[in-house]
Amino acid sequence: MACMSPAVSDPAGAGTGPGRRVRAASATGSTGATRATVLLRPARSTWAWVLAAAVTAALLLLVFRVLVTTQTGQLAEFMALEAATHRLEGLRGSTLTVLNRLPEIVGVAGVGVFLVLTVYRRRWFASLVAAMAFGAANLTTQLLKNWVLVRPDLDNGVPYYTGNSLPSGHTTFAAAAVVAVFLMVAPRWRPLTAAVGAVFATAVGAGTFIGTWHRPADMVAAYLVAAFWGLVAGYVILRTGPDWNIRGTRTARHPHPGGHPLWDVALWVTGGAMLLGAWWGFESAGGTAALTAEPEWYSGWHFLYGVLFATGPGLLVFAALSGFFRWQSGRRRLAAPRD
């Protein structure tokens with residue numbers, strides 16, 4: 001029969017210096033060998049969080065640079081949107097109603113789940129941080145769209161409309177609501193939350209494109225804005241709430257159904273397949289050679305490209321978030337036996 005010594009309380013990793021491991025308890029087996037329970041503290045690699053946030057911001061700027069400021073990018077986005085406009089004319093009644101209300105439905109549902117988690121779990125500070133991230137994401141989108149990012153009026157025949165529309169406000173609202181819920185659940189539930197939330201967030205992205213409210217790149221940027229603030233808030237939440245951001249030894253060996261790695265795999269595979277499908281649709285429509293501001297017909301391939309490009313990256317963003325938080329969650333494990 002093994003006997004356990006009292007756990008050492010050092011939730012924040014104080015006194016550990018650059019080391020990431022804190023000896024939390026020890027167990028002595030019948031052979032007399034001691035096996036220590038080692039704690040890997042949550043959010044232990046600050047450099048990784050900074051790098052992840054920087055990469056997210058860089059990807060957003062890359063999307064803007066390639067698809068908004070270049071001739072090819074503007075034409076590709078325009079033809080996808082025109083194909084969606086042509087197909088929207090055939091939609092009637094309840095279908096249009098659902099498309100129009102989908103962003104609000106998903107956003108309100110996410111906020112509702114967030115409030116329930118806040119009251120049930122009573123993690124007040126974490127709730128405040130997650131709520132601030134939600135607000136910051138939506139504010140960032142409005143600042144980027146209306147003040148920071150400028151859509152050039154290129155001489156390519158593409159109508160200028162009302163200027164820049166990247167990122168999408170509707171998609172940001174939905175994705176940020178999902179991220180807020182993701183931040184509030186325990187590590188064993190985050191992969192499932194990311195998978196289910198990604199489906200809802202990308203459904204809003206697809207609906208926003210099909211409803212011709214936004215170009216595909218606008219949704220991609222929205223996912224990245226939500227992810228950026230999810231990383232910022234996640235670092236704070238994991239560092240200030242180490243007691244509930246830890247995966248136990250049993251969970252690591254036998255994953256909880258809500259935390260199984262297959263949820264991440266499903267997001268990676270599906271998101272990657274959608275991106276490949278978007279590329280295939282674009283090439284099947286004639287690639288860059290077929291791009292024109294005055295198309296003679298509205299290709300279904302361009303429509304397929306737009307739908308898949310408005311959704312696939314969202315699945316990949318949530319897959320990356322889930323995997324990153326899994327890695328940076330705290331862990332308890334049994335160290336090697338020692339005499």
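Every number in this text was worked out from the coordinates using simple rules, so none of it is lab data. Remember, predicted model here, so these are calculated numbers, not experimental data. Positions of Cβ are generated from backbone atoms using ideal geometry, with glycine treated the same way; all protein chains shown enter the neighbour counts.
Taking every alpha-carbon pair under 8 Å whose residues sit at least 6 apart, region 46-330 reaches a relative contact order of 29 percent.
When you restrict to C-alpha pairs under 8 Å that are six or more residues apart and normalise by the size of region 187-339, the relative contact order lands at 46 percent.
With each label modelled as a point 7 angstrom along the Cα→C-beta vector, the Thr72-Trp244 pair spans 4.9 nm. Farthest towards the positive end of the charge dipole of region 46-330, among the residues Leu276, Gly330, Leu143, is the Cα of Gly330, using unit charges on the Cβ of Lys, Arg, Asp and Glu. A straight line joining the Cα centroids of region 39-91 and region 123-140 runs 22 Å. Between Leu262 and Ala293, the modelled label-to-label distance comes to 5.2 nm, taking each label 7 Å out from Cα in the direction of the beta carbon. Dividing the radius of gyration of the alpha carbons in region 80-139 by their Kirkwood radius gives 1.22 for Rg/Rh. Which shape class, rounded, prolate or oblate, goes with region 46-330 when its Cα gyration tensor gives a ≥ b ≥ c as root eigenvalues, a/c under 1.5 marks rounded, and past that a/b bigger than b/c marks prolate? Cα axes put region 46-330 in the prolate bin.
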